[in-house]
Amino acid sequence: DIRVKHERSLEGLKKVLPKYEHSYAAVVLDIKCLTEDSQEIEDPAFITSAISFLDGDVKGFPRFILTGDDKEFETLGRYYKGEKLFLKTPQDIDKLFIELKLCIDNSEILQIKRKHNKVFELFEKGYFDDEAEKTLLNLIQNQHVTDTEKFGGVLRDARALLEKIYKAISAKNNTVIPVSFIQDN
């Protein structure tokens, strides 16, 4: 029950992961890959660039490196001791799936989505956009905030989500909420 999103390059990863980080539990990288979608040949500098991007833009996001190249596997292991490396062997792929399952089971965001699965089905069905999903996740994560300085942010998020709900209802059935009741601001 693992959903996978594939990108063919670092360029694709940069487009997808920051925007949809709330939908994923981990990223699996190959040592050799394209840096741009338009490339034909894999770039050996890919893994260094990918790790640098993840460290800078998606800090702490779980990542794994999978390769079929024994030589590159050994070389990378020497230079990136903190990385979780796997060879494309049946044993290592089994180990990788165990690690991925742990990430999925322990992801705070995915735990929230599982706990409130009926609500998050609305996002999967396309009734609301990813920004609304992020807002709802933020509200759930901050539902027990006691710091009064953070109340404003929570209330702004609640209002923004409520407005999106009204707009969605109006778009689906404008006899319930007439379009004339919806204003741009």
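Descriptive notes on the structure:
- Filtered by the rule that a residue be β-branched (V, I, T) and either surrounded by 13 or more Cβ atoms within 10 Å (Cβ to Cβ) or part of a loop (DSSP other than H, G, I, E, B) (or both), the range 135-160 gives T135, I140, V145, T146, V154.
- In the range 103-125, the residues that are in contact (Cβ under 8 Å) with a residue 24 or more places away in the chain, open to solvent by 40 Å² or more (accessible area, probe 1.4 Å) and not in a helix (DSSP H, G or I): H116
Results for (1) of a type in the set (K, R); (2) not in a loop (DSSP other than H, G, I, E, B), shown as yes or no for each residue.
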| residue | (1), (2) |
| --- | --- |
| I98 | no, yes |
| K101 | yes, yes |
| Y127 | no, no |
| L162 | no, yes |
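- Number of the condition not met by I177 [criteria: (1) free of Cβ contacts under 8 Å to residues at least 12 places away in the same chain; (2) part of a helix (DSSP H, G or I); (3) β-branched (V, I, T); (4) surrounded by 11 or more Cβ atoms within 10 Å (Cβ to Cβ)]: (2)
- Residue in the range 80-92 that is touching a residue at least 24 places away in the same chain (Cβ under 8 Å) and touching a Lys or Arg at 6+ places or on another chain (Cβ under 8 Å) present: yes
The values are calculated or read from the model by the stated rules, or taken from the named source; none is laboratory data. This structure is a prediction, so every number in the text was calculated from the model and none was measured. Neighbour counts are summed over all protein chains in view; Cβ atoms, including those assigned to glycine, are modelled from backbone coordinates with ideal geometry. Protein only, heavy atoms only, side chains kept; ligands, DNA and RNA dropped before computing areas. Shrake-Rupley method; radii C 1.70, N 1.55, O 1.52, S 1.80 Å.
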